[in-house]
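Data block below; observations after.
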Amino acid sequence: MQDTITARLETLGLKLPSAPSPVANYTPSLRAGNLLYISGQISKTADGEAITGCLGRDLDVQQGVAAARICALNILAQAQAALGSLDLIEQIVRLNGFVNATPEFKDHPQVINGASDLMVDVLAQNGRHTRAAVGVSSLPAGCAVEIDAIIAVKQN
């Protein structure tokens, strides 16, 4: 039987990719007590397609939202790999969103809403979280968005 979060993903027409492998010397996730830390996930899909470019120059807000949604799916894929079941997620505690943007770009929060909205759609109230949305001059692989997460895990 599928866990209820996986069933909700299917109902929403979303498919989790395999958890992306790290590209440098770090671990993709680390559990400390009841907190699961997920390393930054970039806007790269399982098939290697990436939303790349700079918001305010190459991409518009809706393309940034799509990039943030990919990051959120990668975060959930990492959580699945670390926990074995998404039903062990008690709460998304924090998302830190980084937007590759021009200095003039001002819509970072709207871009990161792509990830925030997905978390709430999938996890309901357990997907509500604190967050930061900041602009940066570049991101790994030229990606448009990178997001990391802190997730509270249910105690066994």
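The values are calculated or read from the model by the stated rules, or taken from the named source; none is laboratory data. As the structure is a prediction and not an experimental result, all values here were calculated from the model. Here the Cβ is made from the backbone with ideal geometry for all residues, glycine too, and neighbour counts use every protein chain on show.
For the structure I just gave you, tell me whether GLN91 is surrounded by fewer than 20 Cβ atoms within 10 Å (Cβ to Cβ), in contact with a helix residue (DSSP H, G or I) (Cβ under 6 Å, 6 or more places away or on another chain) and closer than 20 Å to VAL61 by Cα. So GLN91 fails the test. One residue alone among ALA46, ALA50 is modelled with pLDDT under 95, touching a Lys or Arg at 6+ places or on another chain (Cβ under 6 Å) and either surrounded by 15 or more Cβ atoms within 10 Å (Cβ to Cβ) or not β-branched (Val, Ile, Thr) (or both), and that residue is ALA50. Scoring ALA115 on the criteria (1) over 26 Å from THR11 (Cα atoms); (2) outside any strand (DSSP E or B) leaves a single failure, condition (1).
Figure legend. Inter-residue proximity from segment 56-72: first residues closer than 14 Å to PHE105 by Cα, second residues among the small types (Gly, Ala, Ser) and part of a strand (DSSP E or B), beta-carbon distance below 8 Å, spacing 6+ or different chains. Indicated pairs: GLY56/ALA101.
Within segment 121-130, the set of residues being without any contact (Cβ under 8 Å) to a residue 60 or more places away in the chain, crowded, with 16+ Cβ neighbours inside 10 Å and either part of a helix (DSSP H, G or I) or of a type in the set (Lys, Arg) (or both) comprises ASN126, GLY127. Within segment 74-129, the residues that satisfy the criterion of being over 13 Å from ALA152 (Cα atoms) and among the small types (Gly, Ala, Ser) are ALA77, ALA81, GLY84, SER85, GLY97, ALA101, GLY114, ALA115, SER116, ALA124. Of all residues in segment 136-148, at least one satisfies being in a helix (DSSP H, G or I) and either crowded, with 16+ Cβ neighbours inside 10 Å or of a type in the set (A, V, I, L, M) (or both). Answer yes or no as to whether ALA77 is buried (at least 24 other Cβ atoms within 10 Å of the Cβ) and either touching a residue at least 12 places away in the same chain (Cβ under 8 Å) or under 16 Å from the mean Cα position of the chain (by Cα) (or both). No; evaluated as a whole, the condition is false for this residue.
Conditions (1) surrounded by fewer than 21 Cβ atoms within 10 Å (Cβ to Cβ); (2) closer than 24 Å to LEU139 by Cα; (3) free of Cβ contacts under 8 Å to residues at least 12 places away in the same chain; (4) of a type in the set (Asp, Glu), marked per residue:
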site: GLY13; (1), (2), (3), (4): yes, no, yes, no
site: THR27; (1), (2), (3), (4): yes, yes, no, no
site: LEU30; (1), (2), (3), (4): yes, yes, yes, no
site: GLY40; (1), (2), (3), (4): yes, yes, no, no
site: CYS54; (1), (2), (3), (4): yes, yes, no, no
site: SER85; (1), (2), (3), (4): yes, no, no, no
site: LYS106; (1), (2), (3), (4): yes, yes, yes, no
site: ILE112; (1), (2), (3), (4): no, yes, no, no
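Among the residues making up segment 73-88, none is under 30 Å from GLU104 (Cβ atoms) and in contact with a Lys or Arg (Cβ under 7 Å, 6 or more places away or on another chain).
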